[in-house]
1. Being hydroxyl-bearing (Ser, Thr, Tyr) and either in contact with a Pro (Cβ under 8 Å, 6 or more places away or on another chain) or without any contact (Cβ under 8 Å) to a residue 40 or more places away in the chain (or both) is the filter here; which residues of the stretch 33-71 pass it?
2. Evaluate the stretch 456-474: report whether one residue or more is within 30 Å of residue 367 (Cβ to Cβ) and touching a residue at least 12 places away in the same chain (Cβ under 8 Å).
3. Condition first: assigned to a loop (DSSP other than H, G, I, E, B) and surrounded by 14 or more Cβ atoms within 10 Å (Cβ to Cβ). Can you find one or more residues in the stretch 404-417 that meet it?
4. Out of 425, 433, 442, 463, I need the residue that is over 31 Å from the mean Cα position of the chain (by Cα), of a type outside the set (D, E, K, R) and closer than 28 Å to residue 121 by Cβ. Which one?
5. Filter the stretch 258-272 down to the residues that are within 16 Å of residue 231 (Cβ to Cβ) and small (Gly, Ala, Ser), then identify the one that is surrounded by the fewest Cβ atoms within 10 Å (Cβ to Cβ).
6. Can you tell me which residue among 214, 246, 250 is in contact with a helix residue (DSSP H, G or I) (Cβ under 7 Å, 6 or more places away or on another chain) and either surrounded by fewer than 21 Cβ atoms within 10 Å (Cβ to Cβ) or not assigned by TED's automatic domain parsing to the domain that holds residue 338 (or both)?
7. Can you tell me which residue is surrounded by the fewest Cβ atoms within 10 Å (Cβ to Cβ) among those in the stretch 346-372 that are touching a helix residue (DSSP H, G or I) at 6+ places or on another chain (Cβ under 7 Å) and not in a helix (DSSP H, G or I)?
Amino acid sequence: MILTTRFKLALCLIALVSTSVSLKAQILTDKQIDSVVEKTLTTFNVPGIAVAVIKDGKVIHSKGYGVRSIKTNLKVDENTLFGVASNSKAFTAAALGMLVDEKKITWDTKVTDIIPEFKMYDPFVTSEFTVRDLLTHRSGLGLGAGDLMIWPDSSTVTKSQLIHNLRYLKPVSSFRTKYDYDNLMYIVAGEVVERASGIKYEDFIEGRIIKPLGMSKTAASWYRLKDKTNVIDGHAPYQDKLLPVGLSFGEVANAAGGIYSSVADMSKWVMAMLNGGKYGDNNKLFSPAVAKELWTPQTIIAGGNPASFNSYGLGWFLSNVNGKFQATHTGGLSGIVTQVTILPALNLGIIVLTNQQSGAAFNAITNSIKDGYLGIKGQDRIKTYNENRLENEKQANEIVAKVWADIEIAQKANATKPEIKNYLGTFADAWFGEVMISNLNGKMHFQAKNAPKLRGDMTFYKGNTFIVKWYDRSLDADAFVNFSLNNEAKADGFKIEAISPLTDFSFDFQDLNFKKNNEKIQ
């Protein structure tokens, strides 16, 4: 859902197209779009992609490419279901807007008026936090704070536990002063929908948005899909190969990234957004006032020239692209990334769904299509994004390789290693829960209680630092484990830091502070 660092710049800092504009647009034909997508599949090693283009109230392109899974080789079509991930956030924001229309809440209703047990680290922030604040990534928490409660797998944390644990997450900036992408607040927003409406969040989304729009194959989560015969598997790259990956979170996170849909169904959602919430014969999801608020900048992402603003609205990234207002969002789960882009002035929508976690792939397709409508010529988006991707991966691989080379040198030199027994035991973090460091077949072993996938062997690195190598290699998140010692030279706590700079930011290891479980957690 979360957004992998391999594409987080695409997700959190909108990729704007070049400002080199010709006088006449050259819109891509169906065959040209086919060519772009087929080349993208090969260049970025993506098994399957689906693309839709909506123009002037009509779907002018809707097609699947490649395969749903490397395990089955079944073809992707326009009805193939993908996890849309954080593109679910726009649905959550719209649901709250519908409740605003019904006067059950306002955008500035205090969260504690709806959820009395809601509590942030700072009492002042708790008392002032509004529904609007839940949607705008300005809570003061750091990037992806607390995501390990819901990522990288289903976890065992309930929604009530998650809401309770928010009080333990320390802010990194002052309230409402800085943009930092956040998933947990959208989960709280989903709980506001549920309590204010009296309807289960998933039932509200499906009954009040998905069903009226005729999105017949879409569901609020993978678990609620009635037909799973045409659903993709996610895929993660590992050592120049692809690994099929399973689900990366459970029902608790649906309001932040749970929806499964197809480009055929998502086209109906995009058309409703382009039409200010209207659909069918004079039907509407929400009022013009709500439509305007969803696409009104709330949090500045990048300042500077007003002509090229970059901000976040309510469930949408908002920016100016070559003089045109753009609303967009991307999303990521393990092995899945997606993008929805809307340019209202052109009455244009572009949807790209993929089953491999390459943000470069969806950006290459979206911007290639968008260039035609904006009149931009001479840009090879696939080449540009691939070059950037390869350079980033090269730098990250060099960092990781050096760490393991240092370990190999130390092992060959028979360097003194610390006694494993001094580092064993159960450690706990206030919001993440317990981790067991044990001796398994002569090796130190790491196992998180609430996140089963965070399990792996540990190798001595330097000083009191070890490296944990996760058994699930699709995670791409091996990490340093830095122990602190007591006066008897035994571990009394540890912190974690990702090795690779490309580690998904939802592995928010930096927010964890483990203490030996015989110490009281404040």
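1. Here is the first cut: in the stretch 33-71, the ones hydroxyl-bearing (Ser, Thr, Tyr) are 35, 40, 42-43, 62, 65, 69.
Within the stretch 33-71, 35, 42, 65, 69 qualify.
2. Of all residues in the stretch 456-474, those within 30 Å of residue 367 (Cβ to Cβ) come to 474.
Filter once more, so that each one left must be touching a residue at least 12 places away in the same chain (Cβ under 8 Å): 474.
Within the stretch 456-474 (the criterion being within 30 Å of residue 367 (Cβ to Cβ) and touching a residue at least 12 places away in the same chain (Cβ under 8 Å)), the answer is yes, since at least one residue qualifies.
3. Step one: list which residues in the stretch 404-417 are assigned to a loop (DSSP other than H, G, I, E, B), which gives 413-417.
Next, only the ones that are surrounded by 14 or more Cβ atoms within 10 Å (Cβ to Cβ) stay: none.
No, there is no match, as no residue in the stretch 404-417 is assigned to a loop (DSSP other than H, G, I, E, B) and surrounded by 14 or more Cβ atoms within 10 Å (Cβ to Cβ).
4. Details: 433 fails: over 31 Å from the mean Cα position of the chain (by Cα); 442 fails: closer than 28 Å to residue 121 by Cβ; 463 fails: closer than 28 Å to residue 121 by Cβ.
Residue meeting the stated conditions: 425.
5. Applying the first criterion (within 16 Å of residue 231 (Cβ to Cβ)) to the stretch 258-272 yields 258-266.
Filter once more, keeping what is small (Gly, Ala, Ser): 258, 261-262, 264.
On the way: 258: 30, 261: 30, 262: 28, 264: 23.
Going through the qualifying residues, I end up with 264.
6. Numbers: 246 fails: in contact with a helix residue (DSSP H, G or I) (Cβ under 7 Å, 6 or more places away or on another chain); 250 fails: in contact with a helix residue (DSSP H, G or I) (Cβ under 7 Å, 6 or more places away or on another chain).
Being in contact with a helix residue (DSSP H, G or I) (Cβ under 7 Å, 6 or more places away or on another chain) and either surrounded by fewer than 21 Cβ atoms within 10 Å (Cβ to Cβ) or not assigned by TED's automatic domain parsing to the domain that holds residue 338 (or both) holds for just one of 214, 246, 250, which is 214.
7. Among them, the one singled out is 347.
To keep it simple, each residue is scored yes or no on (1) surrounded by fewer than 22 Cβ atoms within 10 Å (Cβ to Cβ); (2) assigned by TED's automatic domain parsing to the domain that holds residue 200; (3) within 30 Å of residue 31 (Cβ to Cβ).
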{"residue": "60", "(1), (2), (3)": "yes, yes, yes"}
{"residue": "64", "(1), (2), (3)": "no, yes, yes"}
{"residue": "80", "(1), (2), (3)": "no, yes, yes"}
{"residue": "88", "(1), (2), (3)": "no, yes, no"}
{"residue": "106", "(1), (2), (3)": "yes, yes, no"}
{"residue": "119", "(1), (2), (3)": "yes, yes, no"}
{"residue": "124", "(1), (2), (3)": "yes, yes, no"}
{"residue": "129", "(1), (2), (3)": "no, yes, no"}
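The values are calculated or read from the model by the stated rules, or taken from the named source; none is laboratory data. Only a predicted model underlies this, so the values are computations on that prediction, with no experimental measurement involved. Reconstructed Cβ throughout: ideal geometry from the backbone, glycine too, with neighbour counts over all protein chains shown.
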